[in-house]
Ligand code: PRP
């Protein structure tokens, strides 16, 4: 039987996803110690893992080389691929915002208003829907630097604790998406061909998340 391949986003999301998978009995020992390997087995042979860059998770799932992926809603929106989004895992929660200097920023209607972002597609759609023409400057990290060095007027980026904005004298000007958290996405064909194991996984994860929510409510 061909294993169900799960694409994990390297970094913060992978750790939390593995912890959750282990809680429902999926052995992640091999993928927890990756070394330079990129494909990892699991003792039952029912599943296997690939570790990829977060922004590549939707690509692997869309092409069907991974059946399931876990990625942030921000990445899924930016990639905008035809995947089934079956579950909100609730962690990695943050907001997608426009941020800049609290005052003295140029207006979006000013000529050559520039937005620095890792999310050019989301930015284009967000401003486009409001009929605003902007210039997008694509960055791959440290986006907050944009307004500080005069590369852009504002940034469109995720805000988790708000620490990076505060440390750089910037603040949220608009919220673009309120709840950007980790989602489980599934390849449309895989849901048919490997439906039983995928549904087992989704149901077990949902039950575990519900159990944790109930436990938290009891404790508070
Ligand atoms: C992300 C994001 C912000 C920061 C927000 O960057 O792009 O810079 O985290 O988090 P905070 O509100 O808790 O400060 P990341 O750490 O992924 O690094 P990057 O800038 O290299 O993309």
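Note: relative contact order over the chain, using C-alpha pairs below 8 Å and six or more positions apart, is 26 percent.
Between residue 27 and residue 1, the FRET efficiency estimated from the beta carbon spacing at R0 = 22 angstrom works out to 0.85.
All distinct Cα pairs of the chain go into the 1/r average, and the inverse of that average, the Kirkwood radius, is 18.9 Å. Compared with the dominant principal axis of the Cα atoms in the chain, helix 12-23 is inclined by about 30°.
Helix 120-129 axis versus longest C-alpha principal axis of the chain: approximately 60°, rounded to the nearest ten. Each helix, a run of at least 4 DSSP H residues, gives -39500 (n - 2.57); summed and divided by the residues of the chain, these come to -9500 deg cm²/dmol at 222 nm.
Put simply, when 182-188, 19-25, 92-98, 122-128 are sorted by average Cβ atoms within 10 angstrom per residue, most first, you get 182-188, 92-98, 122-128, 19-25.
In terms of overall dimensions, the stretch 94-179 has a Cα radius of gyration and Dmax of 11.6, 32 angstrom. Spin-label model, residue 39 to residue 196: label points 7 Å out along the Cα-to-beta-carbon direction sit 2.4 nm apart.
Each of residue 103 and residue 10 was given a label point 7 Å from its Cα along the Cα-to-Cβ line. The distance between the two points is 4.5 nm.
Looking only at the stretch 94-179, where both bridge partners belong to it, what percent of the DSSP beta bridges are antiparallel (to the nearest 5)? The antiparallel proportion sits near 60 percent.
Projecting label points 7 angstrom from Cα along Cα→Cβ for residue 80 and residue 51 puts them 3.3 nm apart. Between the helical axis of 195-219 and the longest alpha-carbon principal axis of the chain there is an angle of about 70 degrees. If R0 equals 30 Å, the separation of the Cβ atoms of residue 181 and residue 125 corresponds to a calculated FRET efficiency of about 0.90. Ranked by the mean number of other Cβ atoms within 10 Å of their residues, highest first, the peptides 142-150, 62-70, 207-215 come out as 62-70, 142-150, 207-215.
Once C-alpha pairs closer than 8 Å and six or more residues apart are averaged by separation and normalised to the residue number of the stretch 94-179, the relative contact order reads 50 percent.
Rule-based calculations on the coordinates, nothing more; no lab input. Since we're looking at a predicted model, the values are computed, not measured. In this analysis, Cβ positions are derived from the backbone assuming ideal geometry, glycine residues included, and neighbour counts consider all displayed protein chains.
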